[in-house]
1. How do the pairs read when you match residues in region 5-27 that are over 13 Å from I41 (Cα atoms) with residues anywhere that are open to solvent by less than 100 Å² (accessible area, probe 1.4 Å) and assigned to a helix (DSSP H, G or I), using Cβ under 7 Å and keeping only pairs 6 or more apart or on different chains?
2. More than 21 Å from Q57 (Cα to Cα) and basic (K, R), is that true of K3?
Amino acid sequence: MKKIITVKEFSKKYSLGINFAYQLANAEGFPMIKTGRKINILADKVDEWLEKNIGKQF
């Protein structure tokens with residue numbers, strides 16, 4: 001499994017629309033690193049972040 005995934009890969013893996021995936025990626029505390037304009041998501045931290053944010057609206 002790759003450690004870093006793109007927003008497109010994230011949206012496919014979690015069955016999310018691409019716009020919502022970008023919305024989550026830009027949410028406060030989301031496990032991502034920006035390199036220029038590109039968003040790199042830390043794949044092994046996503047589930048943990050989602051669990052911490054259960055019930056919140058984005």
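The values are calculated or read from the model by the stated rules, or taken from the named source; none is laboratory data. Worth saying up front: this structure is predicted, and the values here are computed from it rather than measured. For neighbour counting, all protein chains shown are included, and Cβ atoms are generated from backbone atoms with ideal geometry for every residue, glycine included. Side chains included, ligands, DNA and RNA excluded: accessible areas come from the protein's heavy atoms. Shrake-Rupley method; radii C 1.70, N 1.55, O 1.52, S 1.80 Å.
1. These pairs meet every condition: G17/S11; I18/S11.
2. Answer is yes for this residue.
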